[in-house]
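Engineer: Dumping the structure here so I can ask a few things about it.
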There are 6 protein chains.
Amino acid sequence: MTSHQLNETDAETGSWFPVPADEEVPDGLRKLFAKARERIGFVPNVFRVYAFRPERLSAWFAHYRQLHEPTDGLDAADREMIAVVVSSANGCLYCLVAHGAALRTELGDPVLGERISYDWRRAGLDDRRTAICTYAEKLTLAPREVTRDDLQSLLDVGLTLEEAWDVAEIAAMYNLTNRMAMATNMLPNDEYSAQARPDGGGGELSGEA
Amino acid sequence: MTSHQLNETDAETGSWFPVPADEEVPDGLRKLFAKARERIGFVPNVFRVYAFRPERLSAWFAHYRQLHEPTDGLDAADREMIAVVVSSANGCLYCLVAHGAALRTELGDPVLGERISYDWRRAGLDDRRTAICTYAEKLTLAPREVTRDDLQSLLDVGLTLEEAWDVAEIAAMYNLTNRMAMATNMLPNDEYSAQARPDGGGGELSGEA
Amino acid sequence: MTSHQLNETDAETGSWFPVPADEEVPDGLRKLFAKARERIGFVPNVFRVYAFRPERLSAWFAHYRQLHEPTDGLDAADREMIAVVVSSANGCLYCLVAHGAALRTELGDPVLGERISYDWRRAGLDDRRTAICTYAEKLTLAPREVTRDDLQSLLDVGLTLEEAWDVAEIAAMYNLTNRMAMATNMLPNDEYSAQARPDGGGGELSGEA
Amino acid sequence: MTSHQLNETDAETGSWFPVPADEEVPDGLRKLFAKARERIGFVPNVFRVYAFRPERLSAWFAHYRQLHEPTDGLDAADREMIAVVVSSANGCLYCLVAHGAALRTELGDPVLGERISYDWRRAGLDDRRTAICTYAEKLTLAPREVTRDDLQSLLDVGLTLEEAWDVAEIAAMYNLTNRMAMATNMLPNDEYSAQARPDGGGGELSGEA
Amino acid sequence: MTSHQLNETDAETGSWFPVPADEEVPDGLRKLFAKARERIGFVPNVFRVYAFRPERLSAWFAHYRQLHEPTDGLDAADREMIAVVVSSANGCLYCLVAHGAALRTELGDPVLGERISYDWRRAGLDDRRTAICTYAEKLTLAPREVTRDDLQSLLDVGLTLEEAWDVAEIAAMYNLTNRMAMATNMLPNDEYSAQARPDGGGGELSGEA
Amino acid sequence: MTSHQLNETDAETGSWFPVPADEEVPDGLRKLFAKARERIGFVPNVFRVYAFRPERLSAWFAHYRQLHEPTDGLDAADREMIAVVVSSANGCLYCLVAHGAALRTELGDPVLGERISYDWRRAGLDDRRTAICTYAEKLTLAPREVTRDDLQSLLDVGLTLEEAWDVAEIAAMYNLTNRMAMATNMLPNDEYSAQARPDGGGGELSGEA
């Protein structure tokens, strides 16, 4: 038996798997790519890399996108916050950069978004968000120890049962997504680094401490 | 603000969330339930519990079922083995009992299946399965440390690139599924405990050591 | 100096050490073996493997057997439960299979026994058994952090001082036994897998999830 | 005995300790503050917070500043990289934001600098920087296991003995500094978030994944 | 049900359990106590504390004492070294003080004995002792990961199969003993601190660093 | 490029770096060495080893010595206790031996000092010292989780704000110092082992358990 060998790492996306050219991608996904280009100006590398298995990408994305639908008690920023807290606990570069950018945008607060990506505990979050982050981190790092009381703590800060379920399902989903990103070696598109930063930065010397 | 309170834990499934009665379940899922009853004689509790959010169940299951499609180099037993190894690393009761039963069945070896569920390292697996379990456990417990060499190790034991991807995606998926099971407190149906056991056991005294 | 080399792994017991034939075993142990055969139909592999050092086996077993003597407040099932909880925390294949079988038998509840072996926290145990499992797991995983209050928690659920001591000593003993099993690579006898399983299983298809 | 009570958390710096007003700060430090204002436009919060104990700040800073003196084989960017890798291993918000900005500046590469702050392993570093990061992370997380071979690995990528010492001393220093930042609850100045970001970002929508 | 309450902690031994007076101790143990007094001038607290359950003490000690019988390739100092390495990994105060004293004595080297008790890796041990300590620590901290190669590493430094078994069984035994010491809160007799120290110390000022 | 090679390990100090001879040491440090010889009879190895980088030694020592200045509520023994607790959590041989000796001396209680070096939790400390040790250990092992309440717990046992800061800064400093000791492989001077031991030990047989 001659074993298969990995190709060179894909220069653009970082992937250790073959990355299909645009014209090789099935129609359904090509529409998804086009829509992304239209909305944000580029195709996120998660799409390009996952397109090695197009049906899987479609199935994953159909599930994933449901979880980012905002509700009254768990808005778009809250949902990105959960993504970032889980990705920080797992140490996922792709998701921290891509969803870090999304979090800064949705919060409309680039400083707060960056803080959450490094340490949500010291980001000055209110009780509601603290309860959500606490739950998401625990489900990520010590799922066996999650209790009924942990679930009740989400209701106690005003979430509905459905929203509490969403906190759990978003956290669970990023435990899948983080691992796909790290297993394939996805790198975040450079564009994310520039998104939703404070004005007036760009290029001066950094501080001494 | 009056916060919501959890109901009593559902006696049959263990769920901390409301469990819809059969007649409340949407048509699509009712067919899924019926098919399960036909094939295995009961509705797995994961279906009943996840049906609190029917569209989520449909989306998750559409993704999940793709991952259990056997291929030449990664058969049904191998795929259940990955499920069990990940569930053991995460300590997920529901998945260890339900997929432990599936693994015993697919292997056609109740002793080996049980051993894998407790410690795959001492189950006497061959090099191919050892490489698969090693990868799945590492992606579960230390995803940040997974390298290109880890991926190549799957190709080295004869997997195709697609099958190596499947090992990663199944492992990633059970990191989602385990967390949903633990977040909702799903309990495995009693029926699993009886499936695919060796003959001639049933009820005698246990050994002294 | 020419260093010693390990023999082939013993096919029947898994041992990395030489396993004495029945006729090489000293008289005292031969009686022990015979008694086991009579009671349960086979000689547990722990006896065969440990018989490489017959005086050690005798000394260990003389201590060990005292710890499984039931008392009013800590019956045979409770003692097997401690064995299983410690073995689960340490991940000991031999003891999980062998004492898992004993636990199912003593409980007279194959489903509950299996659940405890995978995750005692979700097995639906009452307060008394929860306190016992909590203590045994903590003494196993974080012995330095065990406090006087932890000990009092055993008295608070009705145990006598002697029974609280027994919880500690059984847990301590399985920390020895698990390590002997893993250091020698003991494999559980196949017979355990069949013991005390629910009726009506055996061989059908597994569930889909 | 009446115990002391903490003041309100300082709004500007986050400190749990009293933060001296500018005019209360001793002369020597006032010069340091002025110099910072001149060079980077603001006084880093580490100075304001540490000024509660002015002689300590002077002593710490006199040691600390020596460690950032660049050499031929370990330049300013390399030294900031060590700061960021240690701060990431310890999860220190203040240092990740402040030295993350410095690292982006010194590298002249905002994307690479951000990547290192989230996961240096996937940042595409060359062998020399990989060896340095590996050593700094190990000395942070498992100092007892650091060996002579680990030290030799720094010389093997071209560092002098003095530069290898510097890698260790910088890593050790940030293990002090990170803990002072977290013990006092220092928050990074908002200005850091804007420094050395890529052009053309600012405010658009984030990507969908 | 009125639950039992712990007595005051025993002033002399630290025990959280009742400590029998000398005259309450059964004959067999009284001889053991007398022999200890004769040989070392005092009764080790492990005997006093464990005497709450006299038959257990007898059984444990009958097993334990076998393991300290020296052999050509694993002498008394080596066996105490294993005790100390395991006790250090578990953080057991009683055993570190009591067996630390025994190790200093058996080695005839108070400095080396003290070093091993704090960090065997930096104590300058030869290859044989390094292999033994490596094995004992791994069996203590990561028993599931112990392999056949780990066992062979003991034979490779000249141990017989029986001595390699002894390394494992001594390590396993101290995993029991450490937990009994911590579960009962045994404190070491003061006398141990004075045993086998270097000459010429006693009472001067300590160093500045 | 020919890479540098480490010299032989320095026999006297253990250092993996070159250790300057006394006459190579700059004047300022030579005075420090002379003063140490006068006060305690020898030059601590930390001075000899750190003298490879004389300006660093001066800067480190200027900071370090401030932290051991006793105050009313945090005396010399308390400060050595923090050094020992941090060094125990990090497992630093050099600091455990050297500051273990200092702690025995400052406490005037060789038994208590030794106990703290192995397990401060079972050393019978009062509430004030327990709070200090708890804080120092947490800042060492889980700095990200240190909260405002942890800081208040130091004030609650009577420390001033300045003394609470000192607890944090001493703990932070030993996280630097421990890592320098382990990165350079400093070995403690033999003299420490003899300091401040109880009378009447020296050389007799150790106990049997």
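Engineer: Does region E:136-146 hold any residues that are more than 9 Å from chain C (Cβ to nearest Cβ) and of a type outside the set (D, E, K, R), and which are they?
Structural biologist: Selection gives E:Ala136, E:Leu141, E:Ala142.
Engineer: Oh, and also: Considering only region C:118-125, I want to know if a residue exists there that is modelled with pLDDT of 95 or more and within 24 Å of E:Arg53 (Cβ to Cβ).
Structural biologist: Pass one, region C:118-125, residues modelled with pLDDT of 95 or more: C:118-125.
Retained after the next criterion (residues that are within 24 Å of E:Arg53 (Cβ to Cβ)): none.
The answer is no; no qualifying residue exists.
Engineer: Report yes if F:Met186 is under 30 Å from D:Leu187 (Cβ atoms), modelled with pLDDT of 95 or more and buried (at least 18 other Cβ atoms within 10 Å of the Cβ), otherwise no.
Structural biologist: So F:Met186 does not fit the description; no.
Engineer: Please work out which one of (1) surrounded by 16 or more Cβ atoms within 10 Å (Cβ to Cβ); (2) in contact with a Gly (Cβ under 8 Å, 6 or more places away or on another chain) is the condition D:Ser3 fails and give its number.
Structural biologist: (1)
Engineer: Might you check whether a residue that is at pLDDT 95 or above and over 13 Å from the mean Cα position of the chain (by Cα) occurs anywhere in region A:78-90? Give the steps one after another, and end with the answer.
Structural biologist: Within region A:78-90, the subset at pLDDT 95 or above is A:78-90.
From the residues that got through so far, the ones that are over 13 Å from the mean Cα position of the chain (by Cα) too are none.
No.
Engineer: Taking region A:100-127, which residues are closer than 20 Å to A:Leu155 by Cα and either under 15 Å from the mean Cα position of the chain (by Cα) or not charged (D, E, K, R) (or both)?
Structural biologist: A:Leu125 - this is the single residue of region A:100-127 that is closer than 20 Å to A:Leu155 by Cα and either under 15 Å from the mean Cα position of the chain (by Cα) or not charged (D, E, K, R) (or both).
Engineer: Now a separate question. From the list A:Ala181, A:Ala171, A:Ala196, which one is more than 30 Å from D:Ile82 (Cβ to Cβ), at pLDDT 95 or above and surrounded by 24 or more Cβ atoms within 10 Å (Cβ to Cβ)? Steps first, answer last, please.
Structural biologist: Working: A:Ala181 fails: more than 30 Å from D:Ile82 (Cβ to Cβ); A:Ala196 fails: more than 30 Å from D:Ile82 (Cβ to Cβ).
Within the list A:Ala181, A:Ala171, A:Ala196, the selection yields A:Ala171.
Engineer: List the pairs whose first member sits in region D:11-27 and is within 14 Å of another protein chain (Cβ to nearest Cβ), whose second member is of a type in the set (Gly, Ala, Ser), and whose Cβ atoms are under 9 Å apart, counting only residues at least 6 apart or on separate chains?
Structural biologist: D:Gly14/A:Gly124; D:Trp16/D:Ala183; D:Phe17/F:Ala164; D:Val19/D:Ala51; D:Pro20/D:Ala51
Engineer: Take the residues of region B:70-87 that are under 25 Å from A:Ser3 (Cβ atoms), in contact with a His (Cβ under 8 Å, 6 or more places away or on another chain) and not aliphatic (A, V, I, L, M): which is farthest from the other protein chains (Cβ to nearest Cβ)?
Structural biologist: Filtering first and then ranking leaves B:Arg79.
Engineer: Which of the numbered conditions does D:Phe42 fail, given that it passes all the others? Conditions: (1) in contact (Cβ under 8 Å) with a residue 24 or more places away in the chain; (2) loosely packed, with under 14 Cβ neighbours inside 10 Å.
Structural biologist: Only one criterion in (1) in contact (Cβ under 8 Å) with a residue 24 or more places away in the chain; (2) loosely packed, with under 14 Cβ neighbours inside 10 Å is unmet by D:Phe42, namely (2).
Engineer: Is there a residue in region A:88-107 that is surrounded by fewer than 24 Cβ atoms within 10 Å (Cβ to Cβ), within 10 Å of another protein chain (Cβ to nearest Cβ) and more than 26 Å from A:Val49 (Cα to Cα)?
Structural biologist: no
Engineer: Do you know which residues across region B:128-152 are more than 19 Å from A:Cys95 (Cα to Cα), more than 19 Å from the chain's Cα centre (by Cα) and surrounded by 18 or more Cβ atoms within 10 Å (Cβ to Cβ)?
Structural biologist: Selection gives B:Ala131, B:Asp150, B:Leu151.
Engineer: Separate question: List pairs: first residue in region A:154-169 and more than 7 Å from chain B (Cβ to nearest Cβ), second residue surrounded by fewer than 17 Cβ atoms within 10 Å (Cβ to Cβ) and not in a helix (DSSP H, G or I) anywhere in the structure, Cβ distance under 7 angstrom, at least six positions apart or on different chains.
Structural biologist: Between residues of region A:154-169 that are more than 7 Å from chain B (Cβ to nearest Cβ) and residues that are surrounded by fewer than 17 Cβ atoms within 10 Å (Cβ to Cβ) and not in a helix (DSSP H, G or I), the close pairs are A:Leu159/A:Gly73; A:Glu163/A:Thr71; A:Glu163/A:Gly73.
Engineer: Could you please find all residues in region B:44-70 being part of a helix (DSSP H, G or I) and farther than 14 Å from B:Thr177 by Cα? Break it down stepwise before answering.
Structural biologist: Residues of region B:44-70 that are part of a helix (DSSP H, G or I), as a first pass: B:45-50, B:54-67.
Across region B:44-70, the qualifying residues are B:Arg48, B:Pro54, B:Glu55, B:Gln66.
The values are calculated or read from the model by the stated rules, or taken from the named source; none is laboratory data. A quick note: this is a predicted structure, and the numbers were derived from the prediction, not measured. Glycine gets a Cβ as well: all are built from the backbone with ideal geometry, and neighbour counts include every protein chain shown.
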